[in-house]
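The values are calculated or read from the model by the stated rules, or taken from the named source; none is laboratory data. Here the structure is a predicted model, which means the values were calculated and not measured. Glycine gets a Cβ as well: all are built from the backbone with ideal geometry, and neighbour counts include every protein chain shown. When the accessible area is computed, the model is the full protein with side chains, heavy atoms only, and any ligands, DNA or RNA have been set aside. Shrake-Rupley method; radii C 1.70, N 1.55, O 1.52, S 1.80 Å.
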Amino acid sequence: MDTNTQPDAIELIRLADTDQSVTVRLRTTEPALESLGVRHYDAEAVVTSGFVNGTVYLGFDTEDISDWGRLLDAIEENEQEADLDEPFTADWPRSGRTAYLRFIADDPYVVEVHDGPSTQIAVSVPLDMREEWIAESRQRLADARAALGPGTEDHHGTRP
């Protein structure tokens, strides 16, 4: 475990099955930077499996927190639709600035962890998600928002 990570680090995202997981946890609840009312946080994406284990820095801001909520909404909506030729795919946080996750809502779900700006390594983790994973993800999001305080609430429509 990284010694800079607090032992009670907050998990914003935890996608797991019985064998492997992808987690995004905040390194601290204090913003690393605040600019024009947008707070930037240091986090890490952690992959755990029987094959590969790794951690990569992942930064996100207060708007990305709202994006995660909207991504959960989109995945849930996608699951309601019956005839889809292509699986729903989305990146979080938006790719290019930091490491990011790519969600592929298929059977099984696949979460790719991309370290694009640095090593350009990507790890693909298939996950057999339980039915309640979206509800659990929404609860983690609410808990993270409560810990991070004002300014992390949902801002519908802030990003396309």
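General observations
- Among residues of the stretch 106-160 being in contact with a Gly (Cβ under 7 Å, 6 or more places away or on another chain) and modelled with pLDDT of 95 or more, the one that is farthest from ILE75 (Cα to Cα) is VAL123.
- Odd one out for SER118, checked against (1) touching a strand residue (DSSP E or B) at 6+ places or on another chain (Cβ under 6 Å); (2) in contact (Cβ under 8 Å) with a residue 40 or more places away in the chain: (1)
- Taking the criterion of being among the basic types (Lys, Arg) and assigned to a strand (DSSP E or B), the only residue of the stretch 96-128 that qualifies is ARG102.
- Of the residues screened, THR28 is one that is free of Cβ contacts under 8 Å to residues at least 24 places away in the same chain, more than 12 Å from the chain's Cα centre (by Cα) and surrounded by 14 or more Cβ atoms within 10 Å (Cβ to Cβ).
- Any pair with Cβ under 7 angstrom, 6 or more apart, that starts in the stretch 70-95 at a residue that is assigned to a helix (DSSP H, G or I) and ends at one that is at pLDDT 80 or above and open to solvent by 70 Å² or more (accessible area, probe 1.4 Å): LEU72/ARG138
- The selection criterion, being in a strand (DSSP E or B) and at pLDDT below 90, holds for GLU34.
- Looking only at residues of the stretch 56-89 that are within 24 Å of ALA142 (Cα to Cα) and open to solvent by 70 Å² or more (accessible area, probe 1.4 Å), we find that the one that is farthest from the chain's Cα centre (by Cα) is GLN80.
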